[in-house]
Amino acid sequence: MTTSFHDFRATTVDGELQEMSRYRGRLVLVTNIATQCTFTPQLRGLQALQDQYGEHGFTVLGFPSDQFHQDPGTDQDTHDVCTSTYDVTFPLFSKIDVNGPLAHPLWQWMCAQKGGVMGGRIAWNFTKFLIDGDGQVLRRYAPPVPPVRIARRIETDLGLR
């Protein structure tokens with residue numbers, strides 16, 4: 001039985017299987033990203049959070065998804081856009097489905113923990129889940145919520161306020 005974020009694993013953009021238990025003790029913001037979405041510029045804000053809070057025990061994790069037809073191409077194409085256009089250094093994973101029967105188990109679990117306006121479904125790219133150091137979902141943020149609006153919560157959860 002899955003009880004926390006740390007019980008999952010996912011394939012990185014480089015093709016390596018990574019255990020989410022690697023992030024035990026860290027505050028993690030998990031988001032489904034896309035390179036051709038209206039919200040794609042949020043990658044800059046996500047990277048700013050990573051830069052500002054990374055040394056304090058915080059990590060952003062980006063999971064590309066083309067379920068909304070806004071991240072065409074290969075994992076390498078997505079990686080190249082994220083790193084060259086938006087200077088992303090936070091971990092990126094291989095493309096996944098976030099909805100439906102083929103949705104990645106991690107995403108199925110997160111959606112079951114914190115439903116959104118569409119119940120458990122992911123409405124769009126850049127839905128964000130804040131996970132505590134014990135692997136529990138603290139909060140779900142809708143796609144339009146800019147990363148800067150999550151900063152205060154991050155500071156509080158990291159004990160920086």
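No value in this document is a laboratory result; all are computed from the given coordinates. The structure presented is a predicted model; accordingly, all values stated were derived computationally and were not measured. Here the Cβ is made from the backbone with ideal geometry for all residues, glycine too, and neighbour counts use every protein chain on show.
Residues that are touching a residue at least 24 places away in the same chain (Cβ under 8 Å) and assigned to a helix (DSSP H, G or I) do occur in the range 10-20, at least one of them.
If the condition is being acidic (Asp, Glu) and touching a Pro at 6+ places or on another chain (Cβ under 9 Å), then the range 65-122 contributes Asp66, Asp71, Asp75.
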